[in-house]
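Data block below; observations after.
The values are calculated or read from the model by the stated rules, or taken from the named source; none is laboratory data. No experiment lies behind these values; they were computed from the predicted model shown. Here the Cβ positions follow ideal geometry from the backbone for every residue, glycine too, while neighbour counts run over all protein chains shown. Side chains are part of the model used for accessible areas, which takes the heavy atoms of the whole protein and leaves out ligands, DNA and RNA. Shrake-Rupley method; radii C 1.70, N 1.55, O 1.52, S 1.80 Å.
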Amino acid sequence: MKKSSIVQLCTNFILTVISVSDIYNIDISIFDISKGDTLVNIDDLTKLYLPMSETAYYILLSLTKPCHGYGIILKVEQITEGRIRIGAGTIYGTLSKFESDKLIEASGEYDRKKMYKITDLGKQILRLEYNRLCKLCENSKSFMGGL
């Protein structure tokens, strides 16, 4: 099969390879996404981000609606009732890392401020962390009754 005759499409959880003579559907329950010239595997991102710091968790959580950096700082402070205060260096370093790992993406500008929103991959990582935290709480319940 010639390289030029293959087209690879990645949609949700199915990687479809189409050639002139064959069609293969390869179920990859955890998918790879394109990151420039390389593929990023969600397993690698899971190892990198989970368990997630509270700051990272709240930054992703706050981006379920588009927001700019300073707005994220305010939103996280509001969500956590002032318990977590993110500095400018932390927020912009984290946003840059999240953006390069495709967890978030730019969604335009507002009043000369870059707006960000969470991607589907970011939502998946956030869901995995949420599930991990739920399991942690669930496991703790049987022990907490005696305290």
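Projecting label points 7 angstrom from Cα along Cα→Cβ for N41 and N139 puts them 2.4 nm apart. The mean accessible area for residues of segment 43-147, using a 1.4 Å probe and ignoring ligands and nucleic acids, is 63 Å² per residue.
Quick one: which residues, 5+ away or cross-chain, put their amide H under 5 Å from the amide H of S107? H built at 1.01 Å from N. Distant-sequence amide H within range of S107: M115, Y116, K117.
Overall, the anisotropy analysis places segment 55-147 in the prolate class: the square-rooted eigenvalues a ≥ b ≥ c of its C-alpha gyration tensor yield a/c not less than 1.5, with a/b exceeding b/c.
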